[in-house]
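Undergrad: Have a look at this one before I ask anything.
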2 protein chains.
Amino acid sequence: MLTNAEIKRLKSLREKKFRDEYGQFVVEGEKLVQEALESGFEVSAVYRECEIGTEAMSRISSLSSPSPVLALVNKPAPRKLEIERGLYLGLDSIRDPGNMGTILRLADWFGISTVFASIDSVEIYNPKVVQASMGSIFRVKTVYCDLAEICRRFRIADMPVYGTFLDGASLYGTSLCDEGLIVMGNEANGISSEVRSECSSRLFIPSFAKGKGPESLNVAAATAIILSEFRRRV
Amino acid sequence: MLTNAEIKRLKSLREKKFRDEYGQFVVEGEKLVQEALESGFEVSAVYRECEIGTEAMSRISSLSSPSPVLALVNKPAPRKLEIERGLYLGLDSIRDPGNMGTILRLADWFGISTVFASIDSVEIYNPKVVQASMGSIFRVKTVYCDLAEICRRFRIADMPVYGTFLDGASLYGTSLCDEGLIVMGNEANGISSEVRSECSSRLFIPSFAKGKGPESLNVAAATAIILSEFRRRV
């Protein structure tokens, strides 16, 4: 049985303030709990509906249909900043948890070991990011950082920094390198001016709309296209 | 001023049952309302916060931060089924409104004029689809239909039907045609067995994960990669 105080504490982890305070986050569902247990993350407790009861589970769950199992996981220590030669993803102020989760799943699929996210990006332990990532938060290393500074480090190491811009060159016609940093920008405002000036190459996904089409693509969809194109070619 | 009955009726349009009954749906935000007014759709009324008041607007809005303007739009008559030679998208039971909206935006970007959606796919006039589509619901024609029957029609017209499967051939190594139907499957279960047997070509997006990666990609992300690859090449 869970006490009211325990239920309250588990529920509080939906907010970043409390995830920071307790150093923990929650994952839900058989598949994700299994991924957590198999990952290098420390699982502090596992709660099953058959043990704690349906009412308690529906109170602690952040899903509209509570799953039968939920795990309390310790946040790992902040990841160390290491840049070896290879292909990386940079996220400049990604705010939507669904986009963040989908992007981490894409990074995982396309073999990107580390994602650099600006400090104002949504936290990867947000319950909606955890769910949308389908377990990729356990496999892809995410480093919150000063993204402009990271861009400078790539350039000092003589690796290109690719940015995506509405006025960039066609992705399909640009030569791509198998190492460097690919930066994706905020949902509404794109890449910030500080990071923009650190980009060595500006890419654009051409539109094939006949007549007036949309002004832009969703950032996770754009990330999908760009990572596919890099990996296909190099 | 809006009466309570009017507010209630506008709010009811969040549910498909009432959108069907009244033949109307709601769009919110300056940009989307502008798109509605410029489209061929009939706009029945426009409500501005400065006219109806903040309280009324926050009651009729389905967004967490109500936008300053909201339009009531008449649903067009069901779209006629016309298949000319060209590239089309088929959606087999896409359930998530965010995915549906993102997919319509992608279709619009990549010049796909018509999307065929199985009857059990989420309705495009669902408020979350409308918002995620960023106006593409006004430009891309969506036909709800028996998808297996549509696949048969493409094959009778001697056009390929591409399906996406976890056991398909690499997208990058398969020859693609500039006409035909590309079918994307349900978020959890993929393409149904009835539609599967109508596919003339099975595609798969190769993973580049080192070690264990995710089992699959999000369906909107997969659609992005596949449409990009078709348009890039043909």
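No value in this document is a laboratory result; all are computed from the given coordinates. All values derive from a computational prediction rather than experimental measurement. Cβ atoms come from the backbone with ideal geometry, glycine included; neighbour counts cover every protein chain shown.
Undergrad: Starting from the amide H of B:VAL143, placed 1.01 Å from N in the peptide plane, find each other amide H under 5 Å away whose residue is 5 or more places distant or on another chain.
TA: B:VAL115, B:PHE116, B:ALA117
Undergrad: Is the protein assembly as shown rounded, prolate or oblate when judged by the Cα gyration tensor, a ≥ b ≥ c being the square roots of its eigenvalues, rounded requiring a/c under 1.5 and prolate requiring a/b larger than b/c?
TA: Rounded, since a/c falls under 1.5.
Undergrad: Separate question: Of all DSSP beta bridges located in the stretch A:1-155, what percent are antiparallel, nearest 5?
TA: 55 percent
Undergrad: Moving on to the next point. Can you tell me how the stretch B:91-234 classifies by the Cα gyration tensor, rounded, prolate or oblate, using a/c under 1.5 as the rounded cut?
TA: Judged from the Cα gyration tensor, the stretch B:91-234 comes out rounded (a/c under 1.5).
Undergrad: Using a Förster distance of 30 Å, how high is the FRET efficiency between B:ARG14 and B:GLU38, based on the Cβ-Cβ distance and rounded to 0.05?
TA: The calculated FRET efficiency here is 0.80.
Undergrad: Neighbouring Cβ atoms within 10 Å as the yardstick, rank B:PHE110, B:PHE154 fewest first.
TA: So the residues, fewest neighbours to most, are B:PHE154, B:PHE110.
Undergrad: Count the lysine pairs in chain A whose Cα atoms lie under 26 Å apart, taking only pairs 8 or more positions apart in sequence or on different chains.
TA: 26
Undergrad: Right, something else. Work out the FRET efficiency for B:ARG95 and A:ARG152 from their Cβ-Cβ distance, taking R0 = 56 Å, and round it to the nearest 0.05.
TA: Efficiency at R0 = 56 Å is approximately 0.80.
Undergrad: In what order do A:SER170, A:SER228 fall by count of nearby beta-carbon atoms within 10 Å, going from fewest to most?
TA: With the fewest neighbours first, A:SER170, A:SER228 line up as A:SER170, A:SER228.
Undergrad: So, one more: Mind listing the phi-derived Karplus ³J(HN,Hα) values for the stretch A:194-203, rounded to whole Hz, using 6.51, -1.76 and 1.60 with θ = phi - 60°, and x for any glycine or proline?
TA: Result, rounded to whole Hz: 5, 6, 3, 6, 9, 7, 8, 9, 10, 10.
Undergrad: Right, something else. So for the protein assembly as shown: antiparallel DSSP bridges make up what percent, rounded to the nearest 5? Before the final figure, lay out each step's value.
TA: Numbers: 22 of 64 bridges.
Just about 35 percent of them are antiparallel.
Undergrad: Nearest the rotation axis from A to B, which residue of chain A has its beta carbon, and at what whole-angstrom distance?
TA: A:ALA224, 2
Undergrad: Then there is this: Given an 8 Å cut-off on Cα distances and at least 6 residues of separation, report the relative contact order of chain A as a percent.
TA: Here the relative contact order equals 19 percent.
Undergrad: A follow-up question, please. Could you tell me which GluC sites (Glu not before Pro) in the stretch B:55-164 are loop residues by DSSP with no more than 11 other beta carbons within 10 angstrom of their beta carbon?
TA: On the way: sites: B:GLU55, B:GLU82, B:GLU84, B:GLU123, B:GLU149; in loops: B:GLU82, B:GLU84, B:GLU123.
Passing both the DSSP loop test and the Cβ count: B:GLU82, B:GLU84.
Undergrad: Follow-up question, since we're still on this one. Order these by the 10 Å Cβ neighbour count, fewest first: B:THR3, A:THR174, A:THR102.
TA: B:THR3, A:THR174, A:THR102
Undergrad: Compute a Gaussian network model of chain B, connecting alpha carbons closer than 10 Å, and tell me which residue from B:LEU87, B:LEU37, B:LEU217 fluctuates the most.
TA: Maximum fluctuation in the GNM of chain B, among the listed residues, is at B:LEU217.
Undergrad: In nanometres, what is the gap between the two model label sites at A:SER170 and B:GLU55, each 7 Å from Cα along Cα-to-Cβ?
TA: Modelled inter-label distance: 5.8 nm.
Undergrad: Next question, about the same structure. Starting at the first residue of the stretch B:219-234, write each ³J(HN,Hα) from the Karplus equation 6.51 cos²θ - 1.76 cosθ + 1.60 with θ = phi - 60°, in whole Hz, x for Gly and Pro.
TA: Ordered by residue, 3J(HN,Hα) equals 5, 5, 5, 5, 4, 4, 5, 5, 5, 4, 5, 4, 6, 4, 8, 10 Hz.
Undergrad: Quick check: residue separation of B:ASN74 and B:LYS212 times 0.36 nm, minus the Cα distance between them. What number comes out in nm?
TA: Values: separation 138, 0.36 × 138 = 49.68 nm, distance 4.86 nm.
Taking B:ASN74 through B:LYS212 to full extension adds about 44.8 nm, to one decimal.
Undergrad: Let me ask you something else. Can you list the copy-to-copy distances for B:ARG155, using a point 7 angstrom from Cα toward Cβ, in nanometres, shortest first?
TA: 5.5
Undergrad: Put the label 7 Å from Cα along Cα→Cβ for B:THR3; what are its distances to the other copies, in nanometres, shortest first?
TA: Sorted ascending, the copy-to-copy spacings read 5.6 nm.
Undergrad: I want the antiparallel fraction of DSSP beta bridges within the stretch A:87-233, as a percent rounded to 5.
TA: Numbers: 1 of 22 bridges.
Close to 5 percent.
Undergrad: Which of B:ASN218, B:PHE138, B:GLY180 sits closest to the plus end of the dipole of chain B, meaning its Cα is farthest towards the positive end, when Lys and Arg get +1 and Asp and Glu get -1 on the C-beta?
TA: My answer, from the dipole projection, is B:ASN218.
Undergrad: Moving to a separate point now. Going 7 Å from Cα along the Cα-Cβ axis for the label, what nanometre distances separate A:LEU81 from the same residue across the other copies?
TA: The answer, with the shortest distance listed first, is 5.9 nm.
Undergrad: Using the Kirkwood formula over every pair of different C-alpha atoms, what hydrodynamic radius in Å results for the stretch B:6-101?
TA: Hydrodynamic radius (Kirkwood, Cα only) of the stretch B:6-101 equals 15.1 Å.
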